[in-house]
Each structure stands twice: as structure tokens, then as C-alpha cells.
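Note sheet for the following structure.
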Amino acid sequence: MLELISSEHLTALFQVIMIDLVLAGDNAIVIGLAAAGLPEGQRRKAIVIGILAATALRIGFASVTVQLLQIIGLLLAGGILLLWVCWKMWRELRTSHHHEPKVQSLSAASTIEGSAPAGHKKTLGQAVWQITLADVSMSLDNVLAVAGAAREHPMILVFGLALSIALMGLAANFIARLLEKHRWIAYVGLAIILYVALDMCYRGALEVWPHLNV
């Protein structure tokens, strides 16, 4: 009992909770951003698929944590992949911004003519693909960070993974609805994801650099 409440365990638990609050929030922003351009029914599907994918990836990565921690350059590769996802999302935001006035004018015309507007719409497949790619990077970062904090404490590692999944489920749907009403928030979310990607690249480069100089 005393072992369970030792200062070492409490410190590891606190670190895991703080890591999850930050990284699960970032993952929820990615899922919310990707799902925001979809109709209500498809949005829920994309969010559920995104959370299930993140859950499966976290469990998979956690099962080989020791091996992952020994792979030099994996963090850098994950950061580069997340940068690519950021670029794709930025292009979509720019495209939707340029199309918005045209869609509004088409909508006004269709009200008179009785026909539906043909605007540029994101598909469920595109949203799921973006979410999955981002999940690979962010799940890797989350598991590596949590594993680093919960080293030699497997129960705390399991708790950390469960907490991150629960936080994503609570936040992703709220973020997607918020982005539909206030599009400018999407750029703030994208900036947060970009920061995470650059941070992963920086830490990954520091890890790789000594091996390049050998």
C-alpha cells in the first residue's frame, strides 16, 4: 500500500496527467479540425473513427514501448509526418475560405431557382485519412512521453493511455462544433498542431544529431 502512494509514484502520475492534458487536447484539435467541414452525421462518424484509431494506435505503441524508445529518428519521422498533415489542413482552410463567398452566392441563387448549391465539400474518407495520419504521429508522441514519465510503473502507463482516450472523446466533438461556428479558431488550432510538430522535429533532430557526427 505504501508503495502505491510513494512520492515516486505520485510524481510519475502527476507527470502523466499533465502530458495527457496537453497532448490529448492537441489530438482532439486534429480530429475536430478534420471533422469540422463534414455534415453532422458524417462528423460524428469521423470523430468516432478518429478516436478508435487513436485508441488502437496507442495500445499498439504501448505494447512495444521499450522497442520504440530504442529506435533513433522515430520521433523526427513522426514530426515530419505531422508537418505534412498541417500543410494539408492549411490548404483546406485556405480553399474553404476562398470558396465560401461563391457558395453563399450559389445558395442565394438556388433559393430562387429551387436547386441545391454545388460547393466544394470535404468527404468522410478525406477526413478519416487526415485523422489517421495525425493519430500515428500524435499517438506515438503521447505514448513515448507517457512511457518516459511512467518508466517502471506499468499501471500508471495504462492509466495514462486510458485518460488520454477519455479526454479526446470529451473534447473532439465540442471542438468540431466550435470550429463550425467560429472558423478563425481553426487557425489557432492549426498553430497548436504546428507547434507540436516542430517540437517533435526539434527533439527528434537532437536525438539523431549525435549519431550523424559519429
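Since every read-out is calculated from the coordinates, none of them should be taken as a lab result. Please read these numbers as outputs of a predicted model, since none were measured by experiment. In this analysis, Cβ positions are derived from the backbone assuming ideal geometry, glycine residues included, and neighbour counts consider all displayed protein chains.
Just a few scattered comments:
- Radius 13 Å from Cβ of Asp135, net charge of other residues (Lys, Arg +1; Asp, Glu -1): -1
- Residues whose amide H comes within less than 5 Å of that of Gly73, counting only those at least five positions distant or on another chain, are absent (H built at 1.01 Å from N in the peptide plane).
- Proximal charge balance of Cys201 [Cβ under 12 Å; K/R count +1, D/E count -1]: -2
- Residue by residue, the stretch 85-91 carries 3J(HN,Hα) couplings of 4, 4, 4, 4, 5, 4, 4 Hz when phi is fed to the Karplus relation 6.51 cos²θ - 1.76 cosθ + 1.60 (θ = phi - 60°); x denotes Gly or Pro.
- In a fully extended conformation the segment linking Met18 and Thr132 would gain 38.7 nm over its present Cα-Cα distance, using 0.36 nm per residue.
- Computed extension gain for Ser7 through Ala191, at 0.36 nm per residue and net of the alpha carbon distance, reaches 62.6 nm.
- Surrounding net charge for Leu82, when Lys and Arg each add one and Asp and Glu each subtract one, Cβ distance under 13 Å: -2
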